[in-house]
Amino acid sequence: MVCTLRDMLETVEALWPKNGAEDWDKVGLVTGDPDAEITKVHLAVDPVRATVDEAIDAAASLLIVHHPLLLRGVTSIAEDTYKGALLADLIRGNCALIAAHTNADVVEEGPTGVVMRKLGVENVRPMNPLKDRPERGIGLVGELPESEPLGRFAQRVAALLPATAQGIRVAGEYERPVTRVAMCSGAGDSLLGHPMVREADVYLTSDLRHHPASEALEQSLVTGGPALIDTAHWASEWVWLDGAAERIRARRPGVEVVVSELNTDPWTFLIPQ
């Protein structure tokens with residue numbers, strides 16, 4: 001049976017419903033003819049030159065990414081802008097583009113859920129539940145079956161995620177016991193003050209900036225609070241792709257689905273001091 005882009009949009013909606021996306025987010029179809037046939041799907045975190053070229057070179061008819069290409073308003077897609085050039089190449093290459101961002105983050109097997117499960121965190125519940133699906137939401141909290149030192153937990157995080165120039169940054173004593181884990185994949189410093197984060201032993205996220213992290217740690221000296229583990233944004237979300245591919249294959253068995261192995265973290269090397 002022929003699978004069209006319209007069919008794939010139905011599959012994406014079933015897996016990652018749009019109504020789960022944050023109000024500010026821009027998810028769904030970015031470019032492509034809904035009646036076009038889809039024979040090969042490419043999955044990646046970022047819609048950047050490397051992943052677009054990879055998808056087109058592989059003759060993919062659809063590129064599904066986590067991060068939206070057109071998250072913020074643009075007034076031109078001229079080809080002397082990188083977004084315009086990417087869109088033009090996708091159109092010429094007969095490759096559609098779909099973004100599944102915060103609507104994928106909130107599902108049980110979204111990026112945060114996958115990492116928490118692989119780390120063995122149990123009794124997982126969302127920090128900000130969706131109104132219609134309270135078992136889903138942005139950010140998760142759960143417990144390890146047994147307490148372990150922060151340093152050992154951080155080492156397990158490092159072993160789980162793909163390597164990046166940043167590595168794994170930790171704020172807290174190596175031997176500090178960790179049982180309750182809070183996590184938000186991607187940029188999560190907006191949740192540093194969330195009560196469920198403050199009650200956790202460790203908060204695992206990415207893109208922690210100096211001032212929010214410092215203020216959270218200083219507050220912990222007064223009222224208690226979590227240790228912090230900061231990972232590369234791309235790494236914390238790349239681990240979601242394999243499971244996403246499996247779920248697409250299960251629903252569309254006649255479509256080839258490939259996960260990009262490209263590291264699209266923007267940082268390329270680190271100079272130790």
**Prompt:** What percent antiparallel are the DSSP beta bridges of the stretch 36-145, to the nearest 5?
**Reply:** 40 percent
**Item:** Order of exposure, largest accessible area first, which applies to 268, 179, 11 with probe 1.4 Å
**Value:** 268, 179, 11
**Fill in**
Once Lys and Arg are counted +1 and Asp and Glu -1 for all other residues with Cβ under 12 Å from that of residue 108, the total becomes +2
**Request:** Return the FRET efficiency for the residue pair residue 79, residue 10: r is the Cβ-Cβ distance, R0 is 30 Å, and the value is rounded to the nearest 0.05.
**Result:** 0.40
**Asked** Which length gain, in nm to one decimal place, applies between residue 207 and residue 71 when the Cα-Cα distance is subtracted from 0.36 nm times their residue separation?
**Response** 47.2 nm
**residue 16 accessible area, assembled protein chains, probe 1.4 Å, Å²** = 0 Å²
**FRET efficiency estimate (nearest 0.05) - Cβ-Cβ, residue 59 to residue 24, R0 30 angstrom** = 0.30
**Request:** May I ask for the distance between the Cα centers of the stretch 127-206 and the stretch 1-63, given as a whole number of Å?
**Result:** 29 Å
**Prompt:** What trypsin sites (Lys or Arg not before Pro) does the stretch 181-269 have in DSSP loop regions with at most 14 other beta carbons within 10 Å?
**Reply:** 209
**Request:** Sticking with the crude label model, points 7 Å out along Cα→Cβ, report the distance from residue 270 to residue 187 in nm, one decimal please.
**Result:** 2.1 nm
**Item:** By accessible area with a 1.4 Å probe, ligands and nucleic acids excluded, highest first: order of 39, 112, 164
**Value:** 39, 164, 112
**Prompt:** Where does the charge balance sit around residue 258 when Lys and Arg score +1, Asp and Glu -1, over other residues with C-beta under 15 Å from its C-beta?
**Reply:** -3
**Prompt:** Restricting attention to the stretch 1-108, which trypsin sites (Lys or Arg not before Pro) occupy a DSSP loop and are surrounded by at most 12 other Cβ atoms within 10 Å?
**Reply:** 72
**Item:** Cross-link table 40/131; 40/118; 83/131, entries beyond 30 Å C-alpha to C-alpha
**Value:** 40/131; 83/131
**Message:** From Cα pairs below 8 angstrom and at least 6 apart in sequence, can you work out the relative contact order of the stretch 5-121, rounded to a whole percent?
**Reply:** 34 percent
**Request:** Could you compute the FRET efficiency for residue 258 and residue 175, with r as their C-beta to C-beta distance and R0 at 45 Å, rounded to 0.05?
**Result:** 0.55
**Fill in**
Expressed as a percent, the accessible surface of the chain that is carbon or sulfur, using a 1.4 Å probe and the full set of protein chains, is 53 percent
**Asked** Can you give the Kirkwood hydrodynamic radius for the chain, in Å, rounded to one decimal and based on Cα pairs?
**Response** 19.5 Å
**Item:** Under 14 Å, Cβ to Cβ, from residue 68 - net charge with Lys/Arg +1 and Asp/Glu -1
**Value:** -2
**Asked** What accessible area per residue comes out for the stretch 148-221, rounded to a whole number of Å², with a 1.4 Å probe?
**Response** 49 Å²
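The values are calculated or read from the model by the stated rules, or taken from the named source; none is laboratory data. Treat the numbers as computed from the prediction; the structure is a model and nothing was measured. Glycine gets a Cβ as well: all are built from the backbone with ideal geometry, and neighbour counts include every protein chain shown. The protein model used for the area step is the full one, side chains on, heavy atoms only, and it has no ligands, DNA or RNA in it. Shrake-Rupley method; radii C 1.70, N 1.55, O 1.52, S 1.80 Å.
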